[in-house]
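The values are calculated or read from the model by the stated rules, or taken from the named source; none is laboratory data. Bear in mind the structure is a predicted one, so any value in this text is a computation, not a measurement. In this analysis, Cβ positions are derived from the backbone assuming ideal geometry, glycine residues included, and neighbour counts consider all displayed protein chains.
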Amino acid sequence: MKKFLLSLIGIFIFTGAFSQDSLTNQYWTDGTACNIPKHRWELGLFTASRYGIGKNLELSAHPLMFFLMPQVKVKVGWGEFSGFRLATEHGIFYPTQFMRLVATKGTGGLISPEFTIPQMFAFSNRFLLSYKPFKMAVLTAHAGITFAVKFGPLDKRTTIDLPVIYPRLAVFYNEPEFDAGVDFRGQFFTRFGWLFNVENFIICGTRNNYFLENKGVLAYTSKKETLRIEAGYKLCFGKYPAGPQWHLLPVIDLILGIGR
């Protein structure tokens, strides 16, 4: 982790010498320190949807999963300092309903029905720092912490050992979870762009404490910024209870943009 942070600082210092453009509120900036404009909607099919509440405030949630596994986040922009844009993201996550739903036998059952799932919540806080190394790209570093509150015991045999899901539920079985990563995105030319990010999760209180997710995406954006199509991959590595595992998953998403 120390080498990763030092390398990250080096990237910012190096690219800073070549950057002249300031950051402002932009479209399609989930994962960066930029906020979408006020009253702008970005509705994702498989990813979280966002709404611009104010100039430096936005709300995000996943509409399809909201009633099964609600997760709501608020991103607050704190302004731009020497070309760096700072934001914080604060979220609440409620997985109880989803875990109870899949605690059944047969098709769809991921947890044995013999176990009781208590009411529980996770609270996350994250810093995001974005910079433009050149005109058509944004580089973002982020770091945060997530901690859980449970209203009853949770048996460790109820874990769902699947990529993407396990790292986000592991905090309920252990101690606080730290995350850090890099997001790099930009445009090849008008309408066509790319996104590459890496996220690291470190879970306290267990030997199965490290998870990594790397996503690479190519994107097409319509002329009036009303539609964005993304396609690519997500590579996952994790120290699961059964041992280290790698997974390669396809990624595709359609995002509608409403308002300017």
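Mind checking which residues of segment 203-220 are farther than 10 Å from residue 167 by Cβ and either of a type in the set (Phe, Trp, Tyr) or modelled with pLDDT of 95 or more (or both)?
Listed by number, the residues that qualify are 214, 215, 216, 217, 218, 219, 220.
Which residue pairs have Cβ atoms under 9 Å apart, sit 6 or more places apart or on different chains, and have a first residue in segment 239-257 that is closer than 30 Å to residue 174 by Cα and a second that is surrounded by 13 or more Cβ atoms within 10 Å (Cβ to Cβ) and among the basic types (Lys, Arg)?
Note: pairs meeting the criteria are 245/239; 247/234; 248/234; 249/234; 250/234; 251/215; 251/234.
Only one of (1) within 24 Å of residue 256 (Cβ to Cβ); (2) surrounded by 16 or more Cβ atoms within 10 Å (Cβ to Cβ); (3) touching a residue at least 60 places away in the same chain (Cβ under 8 Å) is not met by residue 58, so which one is it?
Residue 58 satisfies every listed condition except (3).
Given the conditions (1) out of contact with any helix residue (DSSP H, G or I) (no Cβ under 8 Å at 6 or more places or on another chain); (2) over 21 Å from residue 132 (Cβ atoms); (3) part of a strand (DSSP E or B); (4) not aromatic (Phe, Trp, Tyr), which single one is not true for residue 217?
(2)
With the condition kept exactly as written, say whether any residue in segment 119-127 is modelled with pLDDT under 95 and assigned to a strand (DSSP E or B).
no
How about segment 161-188: which of its residues are outside any strand (DSSP E or B) and either surrounded by fewer than 17 Cβ atoms within 10 Å (Cβ to Cβ) or among the small types (Gly, Ala, Ser) (or both)?
Passing the criteria: 161, 162, 164, 165, 170, 174, 175, 176.
Being of a type outside the set (S, T, N, Q) and buried (at least 16 other Cβ atoms within 10 Å of the Cβ): is that true of residue 80 here?
Yes.
Which condition does residue 74 not pass, out of (1) within 13 Å of the chain's Cα centre (by Cα); (2) at pLDDT 90 or above; (3) surrounded by 16 or more Cβ atoms within 10 Å (Cβ to Cβ), if it passes all the others?
(3)
Applying the selection to segment 218-230, what residues are exposed (fewer than 13 other Cβ atoms within 10 Å of the Cβ) and out of contact with any Phe, Trp or Tyr (no Cβ under 8 Å at 6 or more places or on another chain)?
Scanning segment 218-230 gives 222, 223, 224.
What are the residues in segment 139-160 that are among the charged types (D, E, K, R), over 17 Å from residue 71 (Cα atoms) and in a strand (DSSP E or B), if any?
None - no residue of segment 139-160 is among the charged types (D, E, K, R), over 17 Å from residue 71 (Cα atoms) and in a strand (DSSP E or B), so the list stays empty.
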